[in-house]
Amino acid sequence: MSRRIRMAGTLLAASALTMGALTGVASAQVDSGRAAAAKVDNPYSGAKVYVNPDWSAKAAAEPGGSKISNQPTGIWLDRIAAINGTGGAMGLRAHLDEALKQSGGSPTVVQLVVYDLPGRDCSALASNGELGPTEIDKYKTQFIDPIAAILSESKYANSNLRIVTTIEIDSLPNLVTNTGGKPTATPQCDTMKANGNYVKGVGYALNKLGAIGNVYNYVDAGHHGWIGWDDNFNPTAQIIKQAATAEGSTVDKVAGIIVNTANYSALKENNFTVNDSVNGTTVRQSKWVDWNRYVDELSFAQAFRQELVNVGFPSNIGALIDTSRNGWGGSARPSGPGAKTDVDTYVNGGRYDRRIHIGNWCNQSGAGLGERPKAAPASGIDAYVWMKPPGESDGASSEIPNDEGKGFDRMCDPTYTGNPRNGNNMSGALPNAPLSGHWFSAQFQELLKNAYPAL
Ligand code: BGC
């Protein structure tokens, strides 16, 4: 480079060359950064996973909590202020600095949840966010750009950290199932479909974050009790493809999917399969399965991963399964299959998932911690993860005024009799819950008690 500068004949040429040379340096640095952090197929393989000290302290302060307080959990960037830290909680740089310390020089995964789309949580109220339906520019410039800028700082980008970014939980599935005149549709989801801001926001996030050499994007794909029906399965794959190719992104910016985030669907149902029948009637006809193609998350995640490959994603994409709260152990866990008198007796007698209805999602009574976080546990699965931190509420069970944009969703009220999205059943929620994301000791205790595998 200095040789080229010396060769320059005129000041103008020199500065032009200097600029060119500097550009060369900059891209060489970026390139060597990329080379240093070349993306691996599965970021969890051979890596530690960062333990969030904020969550860990809350868990450890609970009776019995030290049994799990050293587990890695997701860090939710759920509002602009979370980037710098809110209410005593660590911000993104503080987490990354701490992760560098924990890594001790070994590859270490940091799990981020990117969660602040305009018009967020369009089918429910408990996790409504700070940005209105049209605030896509604010999402880009005040949320995604600052996150990308921090992750691009060379001390992080050129480190042994592997940043897993799970992108916008529930958003794209909501556009498939809760729009367009369906009984489950909501006006808010219709708005977000019509204005395109979920698709644009996800595309922008994937493109910006995926350009960083050590960032691995996982797009949210709901769970089997949502996307496992034929009507929803391929359309969800299609809209994920649409988002992954929006705003300059390409399918190569996607490392995989995450399923069951903050949900309760069982990992592996051993007491019946979708191919079973009773007296000639398929279990798909039971009230619980209701024509779904899947009865658990593992089979759904593997099949949906393949569906994305079929629609054009790279064949090496992976899947994460959130197993934080899908254990369903404890005294209510069936010890074997139900009686083969009819399909409902058979399925209801055997199923691990003890929810009243599979559409219930808020602070479920009877739930337990699921499989502990684990890398590469099954074919196509990059990891079991605890993306939803156990002990953090899904939503308040009564109205609580707040400055987080969060509404009151009656699905978190144990006296609620339901809506079309849970087949008009009781909500199954625990009472006295605080706002979503806030610490809910009673739920934490319930999860410990019903853990499966047991603690
Ligand atoms: C809430 C977030 C919270 C997250 C993790 C979501 O339901 O809306 O604010 O950070 O759960 O607990």
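Here are a few things to note about the model shown:
- With respect to the conditions (1) in a loop (DSSP other than H, G, I, E, B); (2) at negative phi; (3) touching a residue at least 40 places away in the same chain (Cβ under 8 Å), ALA375 falls short on a single one, namely (1).
- Residue ID - nearest to GLU297 (Cα to Cα), chosen from residues in segment 382-399 that are in a loop (DSSP other than H, G, I, E, B) and charged (D, E, K, R): LYS388
- Helices (runs of 4 or more DSSP H) completely within segment 183-282 that count 1 or more residues being under 21 Å from HIS357 (Cβ atoms) and among the charged types (D, E, K, R): 230-244
- Only residues that are of a type in the set (Gly, Ala, Ser) and in a loop (DSSP other than H, G, I, E, B) were counted across segment 171-182, and they come to 2.
- Flag if ILE68 is within 28 Å of GLN188 (Cβ to Cβ), in contact with a helix residue (DSSP H, G or I) (Cβ under 7 Å, 6 or more places away or on another chain) and of a type in the set (A, V, I, L, M): no
- Filter result for the condition that a residue is open to solvent by 10 Å² or more (accessible area, probe 1.4 Å) and among the small types (Gly, Ala, Ser), over ALA221, ALA243, ALA194: ALA194
- For segment 222-230, the criterion of a residue being in contact (Cβ under 8 Å) with a residue 60 or more places away in the chain and farther than 30 Å from PRO72 by Cβ is satisfied by at least one position.
- Taken over segment 73-127, the criterion of being in a helix (DSSP H, G or I), under 14 Å from TYR50 (Cα atoms) and within 14 Å of the ligand (Cβ to nearest atom) is satisfied by LEU92, HIS95.
- Within segment 251-283, the only residue that satisfies the criterion of being surrounded by fewer than 19 Cβ atoms within 10 Å (Cβ to Cβ), under 18 Å from ALA319 (Cα atoms) and out of contact with any helix residue (DSSP H, G or I) (no Cβ under 7 Å at 6 or more places or on another chain) is ASP252.
- All positions within segment 416-437 that are under 12 Å from SER397 (Cβ atoms) and touching a residue at least 24 places away in the same chain (Cβ under 8 Å): SER427, GLY428, ALA429, LEU430, PRO431, ASN432, ALA433, PRO434, LEU435, SER436
- Odd one out for GLU446, checked against (1) charged (D, E, K, R); (2) more than 11 Å from the ligand (Cβ to nearest atom); (3) at pLDDT below 95: (3)
- Taken over segment 400-435, the criterion of being part of a loop (DSSP other than H, G, I, E, B), within 22 Å of ALA266 (Cα to Cα) and within 16 Å of the ligand (Cβ to nearest atom) is satisfied by SER427, LEU430.
- ALA378 being within 28 Å of TRP291 (Cβ to Cβ), away from the ligand (no atom under 16 Å from the Cβ), open to solvent by 60 Å² or more (accessible area, probe 1.4 Å) and of a type outside the set (S, T, N, Q): no
The values are calculated or read from the model by the stated rules, or taken from the named source; none is laboratory data. Computed from a predicted model, the values in this text were never measured in an experiment. Cβ sites come from the backbone with ideal geometry, for glycine too, and all protein chains shown count toward neighbours. Note: accessible area is taken over every heavy atom of the protein model, side chains too, but ligands, DNA and RNA are not part of it. Shrake-Rupley method; radii C 1.70, N 1.55, O 1.52, S 1.80 Å.
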